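First up is the structure itself, then whatever we jot down about it.
Only the coordinates and a few stated rules stand behind these numbers; no lab work does. Since this is a predicted model, take the numbers as computed values, not measurements. Cβ sites come from the backbone with ideal geometry, for glycine too, and all protein chains shown count toward neighbours.
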Amino acid sequence: MAGKFITLEGGEGAGKTTQARLIKSYFEESGFDVVLTREPGGVPEAEKIRNLLVQRDGGNWTPMAECLLFFAARQMHVETLIKPAVAEGKIVICDRFTDSTVAYQGYGHGFDLDTIRQIEALTLGGFSPDLTFLLDIPVKDGIGRSLKHNNSAPGDENKEDRFERLDVSFHERLRQGFLDLAKKNPERIRVVDARQSAELVFGEICAAL
Ligand SMILES: Nc1ncnc2c1ncn2[C@@H]1O[C@H](COP(=O)(O)OP(=O)(O)OP(=O)(O)O)[C@@H](O)[C@H]1O
Ligand SMILES: [Mg+2]
């Protein structure tokens, strides 16, 4: 039997990584084989692209080039890791996926949404998650959590904070973008109030699983 592909989405500090780990344990305890992965990255080639995209000195990409890099990494990830694992019956849990590109590059930076969808169709050919949890949190709470746990070294050019350093209005557009995606895909995307404790958030996720 084929497995399932589950993704976690939301802004910085929403709790995606925390919940991804909890979901992994939940399925493992029930005897499933689980693959926990993340984007951008997840396979060696895509991790190389990740460095170009998320590090402070990764490059000053045009919106089109940046979008193509995200989907180049994603195509490798889907073809070499996600699809084979799902075909073997595994549960694949991915920390961010296409919704993040649509929210950040599209809603956040204003890159044309139709163009993103065309690139998605070309590279992924309609492949999408079986289920997505959108961890929704007010912008200031999410950034507050990120900053609190980010022991920032100002001189560190490898630091993965290129997106976190964007302004508050950007993060507001991002949040509304994710919520808009959820409204347009109600059967796939479950919105969870991420202001709650990690235990309560996970409780809602379990109920849906
Ligand atoms: N529900 C919660 N309530 C309070 N703190 C939380 C909650 N969930 C996670 N945290 C803490 O907030 C910080 C950010 O959580 P986490 O790394 O899971 O978020 P994230 O969405 O993966 O963030 P990023 O986008 O930066 O990767 C962590 O230190 C985590 O321990
Ligand atoms: Mg994370």
Proximal aspartates and glutamates relative to LYS148, as straight alpha-carbon distance under 16 Å, when same-chain residues fewer than 8 apart are discounted: GLU12, GLU160, ASP161, GLU164
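Which of HIS171, HIS149 has the fewest other C-beta atoms within 10 Å, and how do the rest follow up to the most? Walk me through the intermediate numbers first.
Working: HIS171 20, HIS149 8.
Listing HIS171, HIS149 from fewest to most nearby Cβ atoms yields HIS149, HIS171.
Within the chain, which is the longest segment containing none of the chymotrypsin sites (Phe, Trp or Tyr not before Pro) that sit in a DSSP loop and have at most 15 other Cβ atoms within 10 Å?
Values: sites that count: PHE32, TRP61.
Looking at the chain, 62-209 is the longest stretch - no exposed chymotrypsin sites (Phe, Trp or Tyr not before Pro) with at most 15 other Cβ atoms within 10 Å.
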Please enumerate, by chain and number, the aspartates and glutamates with C-alpha under 12 Å from the C-alpha of LYS48, excluding those fewer than 8 residues away in the same chain. GLU39
Using θ = phi - 60° and the Karplus curve 6.51 cos²θ - 1.76 cosθ + 1.60, what whole-Hz ³J(HN,Hα) does each residue of segment 179-195 get, with Gly and Pro shown as x? 5, 5, 4, 5, 5, 7, 10, x, 7, 9, 9, 9, 8, 10, 6, 8, 6
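Treat every Asp and Glu Cβ in segment 1-92 as -1 and every Lys and Arg Cβ as +1, leave all other atoms uncharged, and give the resulting dipole magnitude about the Cα centre to the nearest 20 debye. Before the final figure, lay out the partial values.
Working: 11 positive and 12 negative charges, 11 e Å.
It comes to approximately 60 debye.
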For segment 4-208: relative contact order, % (alpha-carbon pairs under 8 angstrom, 6 or more apart): 34 percent
Sequence-distant lysines (8 or more away, or on other chains) whose Cα lies within less than 17 Å of LYS83: LYS4
If you find the alpha carbon centre of segment 92-144 and of segment 19-50, how far apart are they in angstrom? 17 Å
